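Student: Sharing a structure here in structure tokens format.
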């Protein structure tokens, strides 16, 4: 994805109110955070199920959209139950991620890491940690938790 897909002009608050009205009309506004967290996870797994055996979705775009919508609806319900401002939480998380993963260290490097085995995934995490410490080579030896690890790009 090179450019973001234009979303509708509705705000998070518009969607929040729409979801709340739907829930309120059915007396579903008193669910606890634990139940909502479980439901959110289950709905996210239903989305994942479309990719269980293939890199391509086994469902069409509409089916994916419905699963994604279920996930967002439960996320907004969870936010209501826990008093979380979704917009503020997203902004705070992106700011934290920008500090943890500075663009100047990570831009253009996403294809440099193999993702085929657990070993290479562990290697990627170690290499990313080294990049954050301004390592200059992806194939350098890295000291991690008392172990010397070599990551080869």
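Student: For the subset of the stretch 58-83 comprising residues that are loosely packed, with under 14 Cβ neighbours inside 10 Å and not in a helix (DSSP H, G or I), which member is modelled with the lowest pLDDT?
Tutor: Filtering first and then ranking leaves 58.
Student: Now, a different point. Pick from 37, 97, 81: which is free of Cβ contacts under 8 Å to residues at least 40 places away in the same chain and either outside the structural domain of residue 110 (by TED's automatic domain parsing) or out of contact with any helix residue (DSSP H, G or I) (no Cβ under 6 Å at 6 or more places or on another chain) (or both)?
Tutor: 97
The values are calculated or read from the model by the stated rules, or taken from the named source; none is laboratory data. The structure presented is a predicted model; accordingly, all values stated were derived computationally and were not measured. Backbone-built Cβ (ideal geometry, glycine too); neighbour counts: all protein chains shown.
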